[in-house]
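Following: one structure in structure tokens, then a few remarks.
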Amino acid sequence: MNLDGAPVLDRGVLAELRAAVGDDEAFIIDLVQTYVSEGETNMAGLLGAAASADCEAIVRPAHTMKSTSASVGAMRLSVICRSIEEAGRAARSDTLLRDAELARETWAATLAALTEAGLRG
């Protein structure tokens, strides 16, 4: 997994998102709140599947976190979750726990970055 150039929060993606919704800040904040709420559930599923080395169960939460993270500019988490999803699909359980821990740490950093950007209360 190559994390070079994958920022915790890509403000360029946020700027594109704002432009796409006509600078509707309330919409962006609502989108981020939904991402955070659903992300908590997906992260719990990802961590649980990793703890039990369940390759099949890790695919869905990793896939969802990959996609939704990219949509709000959480590029580092998206890259990590893509790697976890690929490992799950290939039934490679040897790195799941390590990568899930990295995802958990990056999730915390992502939440902090979203708060710093004024998108979370």
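What follows draws every value from the coordinates through simple rules; no lab data is involved. Since the structure is predicted, the reported quantities are computational estimates derived from the model, not experimental observations.
Quick notes on this structure:
- Backbone geometry of the stretch 93-101 corresponds, through the Karplus equation with coefficients 6.51, -1.76 and 1.60 at θ = phi - 60°, to 3J(HN,Hα) couplings of 8, 5, 10, 4, 5, 4, 5, 5, 5 Hz, x marking Gly and Pro.
- Expected 222 nm ellipticity per residue - DSSP helices of 4 or more, -39500 (n - 2.57), all of the chain, to 500: -25000 deg cm²/dmol
- Amide H to amide H, with H built 1.01 Å from N, Ala74 comes under 5 Å of Asp10, counting only residues 5 or more places away or on other chains.
- Value of relative contact order over the chain, rounded to a whole percent, pairs C-alpha under 8 Å and six or more apart: 33
- Scalar couplings 3J(HN,Hα) for the stretch 5-14, obtained by applying the Karplus form with A = 6.51, B = -1.76, C = 1.60 to θ = phi - 60°, are x, 9, x, 4, 9, 8, 5, x, 5, 4 Hz; x denotes Gly and Pro.
- Taking 0.36 nm per residue of separation and subtracting the current Cα-Cα distance, fully stretching the chain between Glu40 and Ser52 would add 2.5 nm.
- In Hz, Karplus ³J(HN,Hα) per residue of the stretch 45-56 (6.51, -1.76, 1.60; θ = phi - 60°; x = Gly, Pro): x, 4, 5, x, 5, 5, 4, 9, 6, 8, 4, 5
- Value of Rg/Rh across the chain [Cα atoms, Kirkwood radius]: 0.99
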